Structures are given as structure tokens and as C-alpha cells.
Amino acid sequence: MITPLQVSPLRSSLHALAPMGLGTPDVESLVSYYCRLAVSHATTTDELGRFVAQAMRLELAPEFDWHARQLSGLRDAAMSWSSALSALTGVAGLDGLTFLPWREVIAQNGRSLVASGQYCPLCFAEDLQQARKPYFRLAWESSQSTVCHRHGTQLRQQCPSCARTNIRHAAAVVVPGWCTKCGEFLGRAIEDPIPQADVGALWKARQIAQLVAAQHSLTTQPCRASMLRAVEQIMAAMDGGQAAAFARRHGLGKSTVHHWLKGPGTPKLDVSLSIALHSGLSLVHLLTGDLSNWTPPTCNAQLALPLELPARPDRAPARQLDWGDIEQQLQAILQLPEPIPVLEVARRLDVEARQLYLRANRLTRELGARWVSYARSRRDLRLAVIGPHLEAIARDVLAEGKSLNRREVAKRISPEMLASVPRLDAVLKDVQVRMLAEQGACGSGTAH
Ligand SMILES: [Zn+2]
Ligand SMILES: [Zn+2]
């Protein structure tokens, strides 16, 4: 008899912490969010990593290694972790705490993040003064930020108390703002004057800060084709369309520029900063390909030549997803009599499962919970049906004096039936223990 499914009510497995500073230059990084989440559950960062990996294995199978520490970057790990944390906290859009919104327009190669973590002591001090929990800013994670965009102070990687490095977050127990090695507050009053930033470093820090502030209100994901179109127009206006002159100006080989324009290449962040600096365009406008208010700097005006640009083969532009429509489809799938796993839903809608967790969080979590509960009861049902059969086989195998293992069972059962038993080895162990216990009971019953 098939029992009706018990769908457990949807609940958050992890606290729904609100991210700090969304939509501002001081937006929190995902590394920070992850550390604060561990603190709020009174657990270690390692334990939280294991929990996330275990909880998400059913739906996603990404690399879950917290120690990779590229959580806030723009590679696959950032996507996996932000979507997993969105799935488990119920807080949608946690990719907004990473550089992912720019992944089409910033090259992913090279060392883009500061692995050991840097911080501004004055920002930490201000957090406490303003009765806020100290947190790491996303802007600090970029290796292009060397100073604080607000205080103009050098970002630090060293503890002012114990003078050790790698003290910000690379530890099992992390309370953002306190040294992971000696436990001192990193934002305490600093006796030695902090060196002030040079103008160039401050300009870069402000560009990065504007970038992370802007990503919260992007309506479409910045795409490579638009960005490279802007680069070509800048090259035409400032270097007469000459790739060699343009490359020289930015300290690049001509082949690198060629690789962007004719091949699949994308400029690295430091190069985009150089283009922004020379052209007087902001980094955000360059990466979004927005030249609407741009005029070439006047000192180069004599170089500006009207040029007919050759047609360039573009990579297929990123598909713009209609989330209203996707939510309607998810709603319809939720009504299907037979639940389906989120990965299959994603395949049918031609969207990544991770995107579903980030953008259609509530519905996707509901679908996931429904599937998990269904899969569980289906497994229980299968075991109830096949259990007596397995016991009979086990009796035969043991009666022949053989050991009860997968190979012996496989000789006596159809492959389909064998495949339908989840975790066969554990089930066989259970059967064997039960039968030995029964034999023991019979033995003691006949002894007297
Ligand atoms: Zn600061
Ligand atoms: Zn310390």
C-alpha cells in the first residue's frame, strides 16, 4: 500500500542573516557573511562548511572547500557557495556579496583576490562606534584595492598587536574584526600613524568601491560584447584605432589586444582600470559599455579619427532571463503530482540550478524540500517492499557458509532490483546483525 507523502513545511536550515551595506560601497563580502553565519550558529567555519556540503549534496554537487577561500570572487566556487548559502538561509541574491555580477567582463585568470584578507582598522573601529558588528567589505577582497576608499588609509594584512599575518579569516573560529591568532580587536586605536595613500591607489580604491556599490542595482548583467565595443571606440578615439599604440599605452602586447577583439579574451581588472584612467571614464561605465556621456580627453583630441570599425565576431551574448516567467513555471512545476529534483527543473528551464536558488529562492527551496521528502519516502517504500526478499536471500547466503556481501546478493537478484536498493552495504549489515541476534536468541532458547 502506498502511503500519502508527508511534505515537511519549508524552513530555513540556517539563520537568515541580513547582509551588511547592500547597494553601498561598503557592501559586505561573502567571506564575511559566511564567518558571521558561523558565529551566529556558535559553530566553526569548518563545521559550517561540512554542514553546507552535506545539505546541498542532494541538489548540487560542487566543490565545497571553505579553505579554497575564493568565496567572494567571480569563479565557480563563488557561484556554488553563494547559491548554497542562499538556498540554506533563504536570503536570495547572495551573489551580490561577490564579484560574480562582473564575471563576463573581468578576466578570471590571475590572482584577483587577496587570499589572506586585508582590512581597514578605521572601518572596524567605526563599526563598533556605530554599534554595528564589524564585517569585511567586498571592496577589500580585490587585490586592486590597497587603501580604504573612505579613510584613505593603507589596508592591512597584519595584526597591530601580535604582528602576525593571515589573521583576518583563515581559521576555524573567526569573529570578523578580531585577530584570529591573538584575539585582539583589529580596529583598536593605532599608535603609529597609518601611512596615507597615494593619489593613484586612492583613485583605484574608489573605482572598486563604486563598482561594488553599482552591482546591486544592475538591471542586466554586464556583457563582454558591449564592454569590448566600448574599448574599440576608446581605441578609435584616442589611438586612431591602432591596436599597437593602444597596447603600448597600457603596457600590453599587441597580441593581448588582438586576443580580446578577435578571440575569446577579456581584459583583466588592472588593465580595465588603466583604460578607465587614461580615458577619463569610470570603471563602472567602462565595464557596462556605457559611453553615453563620454568624450575623449582633450589632450588626445588631435588623435581622434573617425574610423569605420571592422565587424568583430562576438561571443554569444549572455541570455537575459525573464524571472517573472521562470517563477510562473516554477509555480506550475510545484503543482505537478510527482515532484522532480531541482537539477532536473533547472535542465527543463535551461537555467543553472544555482541561479534558481539565487533569483527564485523561495520557490526553488520549496521544490527542493518537496523532492527531498519525496525521495526519502520513496526509498523507505522500496525498502519495505524489498526487505523480506533480501532477508530470504541473506538466509540462503549465510546457510551456504558464505559472507553476506554485494557480490553474493547480486548472484541471486535482478540487476534492476539491486539498483533500486539505496545504500545496499548498510542495509546488508542491518540484515546480518538482525539475523545474528535472532540466531543468538534461538540458541539461548534451546540450550536449557
Ligand atoms: Zn576605512
Ligand atoms: Zn593578533
Q | Of all residues in the range 163-185 being more than 8 Å from ligand 2 (Cβ to nearest atom) and over 25 Å from the mean Cα position of the chain (by Cα), the one that is nearest to Gly49 (Cα to Cα) | A | Thr165
**Q.** The one condition in (1) assigned by TED's automatic domain parsing to the domain that holds Ser292; (2) touching a residue at least 12 places away in the same chain (Cβ under 8 Å); (3) open to solvent by 30 Å² or more (accessible area, probe 1.4 Å); (4) over 30 Å from the mean Cα position of the chain (by Cα) that Arg248 fails to fulfil
**A.** (2)
Q: Tell me which residues, restricted to the range 130-151, are near ligand 1 (Cβ under 10 Å from one of its atoms) and crowded, with 21+ Cβ neighbours inside 10 Å.
A: Arg137, Ala139, Trp140, Val147, Cys148, His149
Q) Since Val91 meets every condition but one in (1) on the phi < 0 side of the Ramachandran plot; (2) within 16 Å of ligand 2 (Cβ to nearest atom), which condition does it not meet? A) (2)
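Could you list all residues from the range 263-284 that are part of a loop (DSSP other than H, G, I, E, B) and of a type in the set (Gly, Ala, Ser)?
Those that are part of a loop (DSSP other than H, G, I, E, B) and of a type in the set (Gly, Ala, Ser): Gly263, Gly265, Gly280, Ser282.
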Q) From Ser112, Ser161, which residue is away from ligand 1 (no atom under 11 Å from the Cβ), modelled with pLDDT under 95 and closer than 27 Å to Ala214 by Cβ? A) Ser112
Q) Pick from the range 115-129 the residues that are out of contact with any strand residue (DSSP E or B) (no Cβ under 9 Å at 6 or more places or on another chain) and over 18 Å from Val31 (Cβ atoms): which of them is nearest to ligand 1 (Cβ to nearest atom)? A) Glu126
Q) Which of (1) open to solvent by less than 40 Å² (accessible area, probe 1.4 Å); (2) acidic (Asp, Glu); (3) within 24 Å of Asp95 (Cβ to Cβ) is the odd one out, the single condition Asp239 does not satisfy? A) (3)
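Would you confirm, using the coordinates I've provided, whether Gln70 is open to solvent by 10 Å² or more (accessible area, probe 1.4 Å), under 18 Å from Gly177 (Cα atoms) and not small (Gly, Ala, Ser)? Break it down into steps so the answer makes sense when it comes.
Numbers: open to solvent by 10 Å² or more (accessible area, probe 1.4 Å): yes; under 18 Å from Gly177 (Cα atoms): no; not small (Gly, Ala, Ser): yes.
Answer is no for this residue.
Restricting to the range 167-190, count the residues that are in a loop (DSSP other than H, G, I, E, B) and away from ligand 1 (no atom under 16 Å from the Cβ).
The qualifying residues number 14.
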**Q.** Condition check for Gln210: at pLDDT 95 or above, polar (S, T, N, Q) and within 27 Å of Val31 (Cα to Cα)
**A.** yes
Q. Which helices (runs of 4 or more DSSP H) sit wholly inside the range 334-448 and have at least 1 residues that are under 30 Å from Ser82 (Cα atoms) and free of Cβ contacts under 8 Å to residues at least 24 places away in the same chain?
A. 342-349, 361-399
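The values are calculated or read from the model by the stated rules, or taken from the named source; none is laboratory data. Keep in mind that what you see is a predicted model, and the values were worked out from it rather than measured. Please note: Cβ atoms are built from the backbone with ideal geometry, for glycine as well, and neighbour counts cover all protein chains shown. When the accessible area is computed, the model is the full protein with side chains, heavy atoms only, and any ligands, DNA or RNA have been set aside. Shrake-Rupley method; radii C 1.70, N 1.55, O 1.52, S 1.80 Å.
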